[in-house]
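The values are calculated or read from the model by the stated rules, or taken from the named source; none is laboratory data. The model shown is predicted, which means the values in this text are computed figures rather than measured ones. Note that each Cβ is placed from the backbone with ideal geometry, even for glycine, and that neighbours are counted across all protein chains shown.
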Amino acid sequence: MSLAQKLADERRARLAAERLLELKQAELFSANRKLGKHAAELSNEIVETRAGLANVISENQKVKSDLQVANQKIEIAERRLWLSIASIRDGFAFFDVEGRMIAANPSYLAVFDGLEDLKPGITYAEILQIITEEGIFNIGDTPAADWRQRMLTRWQQPTPEPVVLRLWNGEYIKMIDQRGHGGDIVSLALNITDTVRYEAQLKSEQQKAEAASRSKSAFLANMSHEIRTPMNGVVGMADLLMDTTLSEEQRLFVSTIKNSGEALLVIINDVLDYSKIEADKLELRPEPFDLERCIHEVMTLLQLSARQKGVEMIVDYDLFLPTLFVGDPGRMRQVLTNLVGNAVKFTSQGHVLVRVVGVVRKGGAEAELHVTVQDTGIGIPADKVDHIFGEFNQVDEARNRQFEGTGLGLAITRRLIDLMSGEIWVDSTEGEGSSFGFRLTLPIDENCDSLPTPLPPGVRHVLIADEVEINGQLLRRQLEQMGARVTLSSDAERVAAQAASVDLVLLDRNLSDGGALELVDTLRTRAIDVPVIVLGADIADISADPRSKLTQGILAKPISRGDLFARIAQSVEDGPQTGDTAPPPPSGVPSRAMRLLAAEDNKTNRLVLGKLLKSLDIEIEFATNGLEAVDLFQSFRPDMIFMDISMPRMDGKEATARIREIESSGQGHTPIVALTAHAVEGDKEGILASGLDHYLTKPLRKPAIFDMIAQHRPPEARDPFPREAQMPDQASG
Ligand code: ADP
């Protein structure tokens, strides 16, 4: 091999080695770069991890310090809670599910008076044992084991009832135990001694107050009796004096005495009632009663003042509504008297209408009644409508000065309706009139036959002549409901022309052109013999006219539907022109007068009664006490007795009892009517329970007295009412 070759080879080898070196150097650089980059990354990671670690460490420290604060707070809260629990007056303890005491405050432990065993760990059963052994609670006569058992059973209930226990020292502890979720029991022992004592004190105060209220009521009742008795004399004597010959001036004085006396009696009754309602002493006395009759009685009583003003009194009692209900008739009458009395008082012309409608419910067992008292009087301003139901409230003093009254009537009325679970309201337009209404539900009396008497078959077409339109309309509706055809007229001439073509004519007595009797006279002269019934407020006055004999009857207004249909039936039966409204006398006129015994200790009252009855064809004897009454009962044999209740020596109740005893040996039953000034709740029952049949409150009213006499006249005695005094003017009492 040549040198040159060798040199060339060497050079090639050196060049190759140099290239390899360059390559290796490049690889080394690249490896170095990678290494450098990795090292940089690693160092970054280390920095980050270090920062995270520092964070964790600081958070850890924060949590540690928070925990410490929280622990401190818990400790403080726990300390405070225990401090509070320890400081409360009432006992507090809690027990685990096994009934083992976990903790108790000093008040809880105090009742055990330092007994060492009483500490956490003791069971409830052991506590009960200690209680009975040490006599900590007053358990009365209950055997200790029974008492413990009872307490333990109670404790084991899911929700034990609180129990009140009495400590040996007379203090009262109320135990309230409450079970928590895990079965733990929290037990509270409340010292309720003050409350118990306060309650006892309240109870005794209440008893004292009730006793005081009772004596107040009794005092009021007595006062009312004491005032009523002489007032009866004043009113009665004034009434009698009015019937004597008096000068104009004297008549004015006497009527003032009478009116003031009556007004005073109303006030006394109102105040008495109100105080009874206030003292919750007023109770309803339900009994069967006839609502329609009750309304008519009230209307009759208030008729006179209405008639004097020319105010028409009208009753519109739904023809198909029952009339017999079970309720308190006295209180119902009082409500109606207040409302109708106000209506008459505040009305100077037009009418006062009582309307009763209703719905029968529960298969005829009860009725919802809707009674309205409507007037055409002065009305009530809209802003006073609510005010007037308040106590002593009137519309305004100046307006009311011309009307008597206390402003108690409506307040009492509303309370009475409340008591009957009813509702009362008023609609009124000032200057036009008022309408007071009340709604009540009353049981229907089982003896009630609610269907009206049908019209006799011959009465198909009725002619009615009444100038007061509402009266005519009302009668028309009632007769049409019963199937008749009705023609209304207000003109006497037209009536005369049509009368021959109808079956019955009803005439208001005050028809213009001479009145009803004049028209009847004309009809009869023209030989038109259609039955005619005359309607009027003052029937005594109508009967006194000889032409009344030409009619088939006279009906008192307001007309009761019973009377109307009975009279129509009677008039058709009687046939035309018999003319007599009285029932036919029994064969042979009785020869003896009715015998009446009146027992009354008060001289003035005897005088009043004697004068009241003076015009009657009766024989009367007076007794001045119960003993005399019993004697006279045996010697005089009265047909009827009026009996005062409060009398010396023997009172009316006892006298009646003696009379009933005498009668029990087969001498029949003499009607005895109590006359009393008592207006106290329960009196009526007491009186009727003593064997009296009826009850009249003083002051004595002529219509009520006459009514009693008429009801009890035996057939063998003569009619006590002379023709001209026939069924007395109801309002003249
Ligand atoms: P009194 O009639 O004794 O004043 P009430 O309580 O019965 O008391 O009536 C209260 C007031 O309501 C009456 O004073 C009167 O102003 C008014 N009032 C009651 N009823 C009527 C009525 N029908 N028309 C007009 N005002 C009436």
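Numbers for the structure displayed
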| read-out | value |
| --- | --- |
| Matching option when the condition is modelled with pLDDT of 80 or more, aliphatic (A, V, I, L, M) and closer than 18 Å to I268 by Cα, among L700, L692, L696 | L696 |
| Qualifying residue in the stretch 377-399 (condition: more than 11 Å from the ligand (Cβ to nearest atom), among the polar types (S, T, N, Q), modelled with pLDDT under 90 and not in a helix (DSSP H, G or I)) | no |
| Test for E210: is it farther than 30 Å from Y108 by Cβ and of a type in the set (D, E) | yes |
| Which numbered condition G407 fails, given (1) at pLDDT 90 or above; (2) surrounded by fewer than 19 Cβ atoms within 10 Å (Cβ to Cβ); (3) near the ligand (Cβ under 8 Å from one of its atoms); (4) of a type in the set (G, A, S) | (1) |
| Of the criteria (1) surrounded by 12 or more Cβ atoms within 10 Å (Cβ to Cβ); (2) under 26 Å from G183 (Cβ atoms); (3) not polar (S, T, N, Q), which one G121 fails | (1) |
| Residue within the stretch 561-576 that is within 25 Å of P456 (Cβ to Cβ), in a loop (DSSP other than H, G, I, E, B) and at pLDDT below 80 present | yes |
| Top-ranked residue of the stretch 410-433 - restricted to ones that are over 14 Å from F389 (Cα atoms) and touching a strand residue (DSSP E or B) at 6+ places or on another chain (Cβ under 6 Å), ranked as nearest to the ligand (Cβ to nearest atom) | G433 |
| Failed item in (1) surrounded by fewer than 15 Cβ atoms within 10 Å (Cβ to Cβ); (2) within 8 Å of the ligand (Cβ to nearest atom); (3) acidic (D, E), with E368 passing the rest | (2) |
| Test: residue in the stretch 332-353 that is at pLDDT below 90, in contact with a Cys (Cβ under 9 Å, 6 or more places away or on another chain), away from the ligand (no atom under 12 Å from the Cβ) and outside any strand (DSSP E or B) | yes |
| Filtered residues of the stretch 641-665 (kept if over 13 Å from L675 (Cα atoms) and assigned to a loop (DSSP other than H, G, I, E, B)) | P648, R649, M650, S664, S665 |
| Qualifying positions in the stretch 686-721 - more than 36 Å from the chain's Cα centre (by Cα) and among the basic types (K, R) | R713, R718 |
| Test result for I227, aliphatic (A, V, I, L, M) and in contact with a strand residue (DSSP E or B) (Cβ under 6 Å, 6 or more places away or on another chain) | no |
| Residue match in the stretch 79-100 (condition: closer than 25 Å to G182 by Cα, among the β-branched types (V, I, T) and not in a helix (DSSP H, G or I)) | yes |
| Residue match in the stretch 487-496 (condition: within 28 Å of Q374 (Cβ to Cβ), in contact (Cβ under 8 Å) with a residue 60 or more places away in the chain and of a type in the set (V, I, T)) | no |
| Among (1) touching a strand residue (DSSP E or B) at 6+ places or on another chain (Cβ under 7 Å); (2) within 16 Å of the ligand (Cβ to nearest atom); (3) within 17 Å of I412 (Cα to Cα), the one test that A306 misses | (3) |
| Condition check for L353: over 27 Å from I267 (Cβ atoms) and in contact (Cβ under 8 Å) with a residue 12 or more places away in the chain | yes |
| Any hit, the stretch 312-329, residues being out of contact with any strand residue (DSSP E or B) (no Cβ under 8 Å at 6 or more places or on another chain) and either within 22 Å of V468 (Cα to Cα) or within 16 Å of the ligand (Cβ to nearest atom) (or both) | yes |
| Filtered residues of the stretch 289-300 (kept if of a type in the set (A, V, I, L, M) and away from the ligand (no atom under 16 Å from the Cβ)) | L291, I295 |
| Residue list for the stretch 165-196, restricted to those being touching a helix residue (DSSP H, G or I) at 6+ places or on another chain (Cβ under 9 Å) and of a type in the set (S, T, Y) | Y172, S187 |
| Every residue from the stretch 79-97 that is touching a helix residue (DSSP H, G or I) at 6+ places or on another chain (Cβ under 9 Å), of a type outside the set (A, V, I, L, M, F, W, C) and within 18 Å of I185 (Cβ to Cβ) | D90, G91 |
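Residue-wise test of (1) surrounded by fewer than 17 Cβ atoms within 10 Å (Cβ to Cβ); (2) at pLDDT 85 or above; (3) part of a loop (DSSP other than H, G, I, E, B).
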| site | (1), (2), (3) |
| --- | --- |
| T453 | yes, no, yes |
| G472 | no, yes, no |
| E480 | yes, yes, no |
| L488 | yes, yes, no |
| A516 | no, yes, no |
